[in-house]
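A quick write-up on the structure given underneath.
Computed from the coordinates by the stated procedures, all read-outs in this text should not be read as laboratory data. Values in this document were obtained by computation on a predicted structure and should not be read as measured data. All Cβ positions, glycine included, derive from the backbone under ideal geometry; neighbour counts span all protein chains shown.
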Amino acid sequence: MMLGYALCGSFCTHAKALRELENLLAAGYEVRPILSETVYSTDTRFGKASQLIEAVEALCCKKAIHTVVDAEPLGPSEPLDALIISPCTGNTLAKIANGITDTAVCMAAKAHLRSDRPLVISLASNDALSANLRNIATLLSRKQVYFVPMVQDDPEKKPHSLVADFSLLMPTLCDAFRGKQFRKLFL
């Protein structure tokens, strides 16, 4: 099975997202990497963009898609069995919910959803329980969109923040293939 695995700019969660990418590869999935333009070009305190690109491409044995033009065929022309966005930022979530396709990851999601196959989202957003709550609701009502269960990562200091429990990505994907949302959405 061919999966798309897209990483957005929640840089503090990249280590967890990469661990789950490794788990998918170990389970025998073939993976096409997709990187947001921000991830592809931004060095942070969590690491250099070039090192992340190199690591992801080495794991997947494929060049990463990182432009809107390269992401557009990921639907009917180059179908994926499922697309995973891990981590998915609040910005990307809002764009997908509102049909905006101005980034590689958003275009990949739009193109993929045209083929009526699962889109699995591992959200990491500081405003998930405020400005982005309506976008979560919008996408929950969409066919073939599934969320990795989320938890408040720091209710005291960041009361509006939600982060996916990345360790639940694989069972969420398995249930998505069966057309089901995995367990409770909020842990």
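State, as an integer percentage, the relative contact order of the range 105-187 based on alpha-carbon contacts under 8 Å between residues 6 or more apart.
Working: 124 pairs, mean separation 27.0, N = 83.
With pairs under 8 Å counted, the relative contact order is 33 percent.
Think of each Lys and Arg Cβ as +1 and each Asp and Glu Cβ as -1; about the Cα centre, that makes the dipole of the range 13-177 roughly 260 debye.
Scanning residues 5 or more positions from Met150 or on other chains, those with amide H under 5 Å from its amide H are Asp165, Phe186, Leu187, with H placed 1.01 Å from N in the peptide plane.
The mean sequence distance of close C-alpha pairs (under 8 Å, at least 6 residues apart), as a share of the length of the chain, puts its relative contact order at 21 percent. Database remark: amide H of Cys88 closer than 5 angstrom to the amide H of Ser122, Leu123, Ala124 (H placed geometrically; neighbours at sequence offset of 5 or more, or on other chains; Pro and chain starts carry no H). Shown for Arg19, Arg45: other C-beta atoms within 10 Å of each C-beta, ranked fewest to most, produce the order Arg45, Arg19. Only helices enter this figure: runs of n ≥ 4 DSSP H residues, each worth -39500 (n - 2.57), summed and divided by the residues of the chain, yield -10000 deg cm²/dmol at 222 nm to the nearest 500.
Mind grabbing the base-10 log of I(q)/I(0) for the range 13-177 at q = 0.13, 0.16 Å⁻¹? Debye formula, identical points on the C-alpha positions, no solvent, two decimal places. Log10 of I(q)/I(0), two decimals: -0.59, -0.93.
Can you check what the net charge comes to around Ala164, using other residues whose Cβ is under 13 Å from the Cβ of Ala164 (Lys, Arg +1; Asp, Glu -1)? It would help to have the intermediate numbers written out before the result.
On the way: positive: Lys16, Arg19, Arg183, Lys184; negative: Glu20, Asp153, Asp165.
Charge balance near Ala164 sits at +1.
In terms of distances greater than 27 angstrom between alpha carbons, the cross-link table entries Lys63/Lys157; Lys16/Lys62; Lys63/Lys95 yield Lys63/Lys157. Dipole of the range 13-177 computed with +1 at Lys/Arg Cβ and -1 at Asp/Glu Cβ about the Cα centre; of Pro118, Ala27, Pro171, farthest Cα towards the positive end is Pro118.
If you take all other residues with their beta carbon under 12 Å from the beta carbon of Ile65, and give Lys and Arg +1 and Asp and Glu -1, the sum is -2. Across the range 141-157, computed HN-Hα scalar couplings (Karplus, 6.51 cos²θ - 1.76 cosθ + 1.60, θ = phi - 60°) run 7, 7, 5, 6, 10, 10, 10, 5, x, 10, 9, 6, 7, 7, x, 6, 8 Hz from first to last residue, x flagging Gly and Pro.
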